[in-house]
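The values are calculated or read from the model by the stated rules, or taken from the named source; none is laboratory data. Not measured: the values here are computed from a predicted model. Counting neighbours? That spans all protein chains shown, and the Cβs are built from the backbone with ideal geometry, glycine included. For the accessible areas, the whole protein counts, side chains as well, though only heavy atoms, and no ligand, DNA or RNA atoms are used. Shrake-Rupley method; radii C 1.70, N 1.55, O 1.52, S 1.80 Å.
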Amino acid sequence: MNKITFISPGVRYLTRSYSQPLGVLYLVSYVRKKFPEKFKFDLIDQAIADLTSEQVLEEVKKINPDIVGFSCLSLDADQMQEIAGLIKKALPDCLIFLGGPYASVFYDQALERTNIDIVIIGEGEKTFAELIQRFLDKQPLDNVKGTAYKKDGKIILAPPRELVDNLDSLPFPAWDLIDFKKYSKLPSMNLYSAAKPWSIIFTSRGCPYHCLYCHNIFGKKARFRSAENVIEEIEILTKKYGVKEIQIVDDVFNLDLNRAKKICDLIVDRGIKIKICFPNGVRADRMDRELIKKLKNAGCYSVTCAIETASLRLQKEINKNLDLDRVKQVIAWLDEEGIITHGFCMLGFPGETEEEMEMTIKYATNSRLMVAIFFTVVVYPKTKIFEYARKVYTDFNFNQQDYSHFFIGPENHFIRG
């Protein structure tokens with residue numbers, strides 16, 4: 001049996017949050033379905049296991065896989081390259097793939113070093129399965145849709161992969177690879193949890209809005225799992241794995257209000273006892289009071305509203321176009337239902353004035369938000385805000401910017417154990 005080892009790189013530090021590597025789990029389940037009994041899968045989550053790069057290498061050497069797959073955020077790119085370099089040196093015949101948010105944005109940067117054999121861009125299920133088929137057939141891995149690779153010293157970007165339209169056709173994530181109790185010992189995306197163990201889930205992919213800062217990894221076509229499909233997964237998580245809280249990390253869970261309400265109704269009708277939160281944010285001006293009441297009845301205890309800025313000028317400039325009066329009303333409704341409400345705010349948009357920053361701070365503090373989180377704006381390459389920032393700051397060297405969305409001060413110490 002061939003062996004595939006997935007690695008989620010990253011080290012522990014104080015301002016970090018943790019979640020199960022959902023993209024990896026979908027890849028595993030998809031390949032299991034396409035190639036039953038062909039592969040043995042292992043998962044190494046570096047931060048959860050609290051391993052150094054050298055310790056990750058030792059774990060990989062024990063497994064001796066045919067393929068290693070990395071999935072990481074931009075913040076963990078250096079860690080990923082360090083581990084990939086160690087593996088490449090110790091196991092030169094091992095193929096090394098890279099996917100995840102960093103890969104989709106910085107595929108060219110990732111391939112500049114010699115550690116990565118091929119990069120998977122965007123949704124990876126079909127792309128990964130095609131690469132696996134070629135691996136089994138001993139065929140070249142080049143020119144597969146949705147990949148980037150290096151050939152004759154040049155970086156080649158293959159044509160994009162079509163999106164998965166029917167999300168119900170995807171098998172549920174390979175939850176058997178996860179030790180939920182280990183994840184629940186560390187801060188979640190929601191900063192805290194009402195019940196443990198918890199699990200993140202996607203109920204949709206894609207977002208039809210055109211915010212300038214968006215990576216657009218899942219595309220601009222919103223695609224939804226059926227309410228019944230979502231409930232089936234929740235029942236598996238609760239009954240088989242003992243999960244007591246789900247953290248829904250969609251971009252726009254509430255875009256289809258009727259579907260969102262139906263999910264809540266089915267949770268209640270089936271007697272599922274679960275806590276629910278939305279740490280990735282919702283489109284708050286698309287919430288209505290009926291949905292909020294249904295969320296409360298279904299077990300929701302926390303909702304994050306993605307506000308970004310209280311400046312009407314900037315709302316237009318960044319294409320967010322949020323109805324700020326409606327959002328303030330929604331925050332009040334959430335508070336009335338006893339739902340803890342967080343607000344995501346961003347400071348430092350290109351051309352933003354000090355007065356506009358004050359507007360955002362006052363908007364948050366004068367609302368009924370319980371928690372307001374202020375992020376620094378990061379202008380990632382290959383986003384529309386990057387081009388916008390270059391026009392505003394013509395003399396700035398964007399190659400030297402920090403990709404952390406928090407201000408990192410001396411208190412951000414690494415933690416062990």
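Restricting to region 36-55, what's the tally of residues that are in contact with a strand residue (DSSP E or B) (Cβ under 9 Å, 6 or more places away or on another chain) and open to solvent by less than 30 Å² (accessible area, probe 1.4 Å)?
So the first thing to find is which residues in region 36-55 are in contact with a strand residue (DSSP E or B) (Cβ under 9 Å, 6 or more places away or on another chain), and the list is 38-48, 51.
When the remaining residues are screened for being open to solvent by less than 30 Å² (accessible area, probe 1.4 Å), the result is 39, 41, 44-48.
Final tally of qualifying residues: 7.
Write out, first by first residue and then by second, each pair whose Cβ atoms fall under 9 Å of each other, whose residues are 6+ apart or on separate chains, and whose first residue, in region 294-305, is in a strand (DSSP E or B) while the second is among the basic types (Lys, Arg). Going by the 9 Å Cβ cut-off, the qualifying pairs are Cys300/Lys275; Cys300/Lys294; Tyr301/Lys275; Ser302/Lys275; Cys305/Arg283. Would you pick out the residues in region 175-231 that are closer than 21 Å to Ile385 by Cβ and not in a loop (DSSP other than H, G, I, E, B)? Within region 175-231, no residue meets the criteria.
Based on what the data block shows, is Ile231 among the aliphatic types (A, V, I, L, M), farther than 24 Å from Asp285 by Cβ and surrounded by 19 or more Cβ atoms within 10 Å (Cβ to Cβ)?
On the way: among the aliphatic types (A, V, I, L, M): yes; farther than 24 Å from Asp285 by Cβ: yes; surrounded by 19 or more Cβ atoms within 10 Å (Cβ to Cβ): yes.
Here the answer is yes, as Ile231 does meet what is asked.
Of the residues that sit in region 323-365 and are assigned to a loop (DSSP other than H, G, I, E, B) and open to solvent by less than 10 Å² (accessible area, probe 1.4 Å), which one is modelled with the highest pLDDT?
Looking at the filtered set, the residue picked out is Ile339.
Out of contact with any strand residue (DSSP E or B) (no Cβ under 7 Å at 6 or more places or on another chain), more than 18 Å from Asn216 (Cβ to Cβ) and modelled with pLDDT under 95: which single residue out of Gly85, Gly153 fits that description? Don't jump to the end; show me each part of the working.
On the way: Gly85 fails: modelled with pLDDT under 95.
Just a single option satisfies the conditions, and that option is Gly153.
Residue-wise test of (1) farther than 22 Å from Val249 by Cβ; (2) modelled with pLDDT under 95; (3) among the small types (Gly, Ala, Ser).
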site	(1), (2), (3)
Leu25	no, no, no
Ser53	yes, no, yes
Phe70	no, no, no
Ile96	yes, no, no
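Could you tell me whether Asp265 is free of Cβ contacts under 8 Å to residues at least 40 places away in the same chain and open to solvent by 70 Å² or more (accessible area, probe 1.4 Å)? Spelling it out, it is not the case that Asp265 is free of Cβ contacts under 8 Å to residues at least 40 places away in the same chain and open to solvent by 70 Å² or more (accessible area, probe 1.4 Å). Going by the conditions given, is Tyr107 under 26 Å from the mean Cα position of the chain (by Cα), surrounded by 16 or more Cβ atoms within 10 Å (Cβ to Cβ) and assigned to a helix (DSSP H, G or I)? Criteria met by Tyr107. Picking from Pro65, Pro92, which residue would you name as being assigned to a loop (DSSP other than H, G, I, E, B) and buried (at least 17 other Cβ atoms within 10 Å of the Cβ)? Unique residue meeting the criteria: Pro65. So for region 334-348 (the condition being out of contact with any Gly (no Cβ under 8 Å at 6 or more places or on another chain), of a type in the set (Phe, Trp, Tyr) and at negative phi), does at least one residue qualify? No, there is no match, as no residue in region 334-348 is out of contact with any Gly (no Cβ under 8 Å at 6 or more places or on another chain), of a type in the set (Phe, Trp, Tyr) and at negative phi. Within region 152-170, the set of residues being open to solvent by 30 Å² or more (accessible area, probe 1.4 Å) and assigned to a loop (DSSP other than H, G, I, E, B) comprises Asp152, Gly153, Pro159, Pro160, Arg161, Glu162, Leu163, Asp165, Asn166. Can you tell me which residues in region 366-375 are within 21 Å of Leu191 (Cβ to Cβ) and outside any strand (DSSP E or B)? Listed by number, the residues that qualify are Ser367, Arg368, Leu369, Met370. Residues in region 330-345 that are hydrophobic (A, V, I, L, M, F, W, C), within 11 Å of Ala306 (Cα to Cα) and free of Cβ contacts under 8 Å to residues at least 40 places away in the same chain: Cys345 alone.
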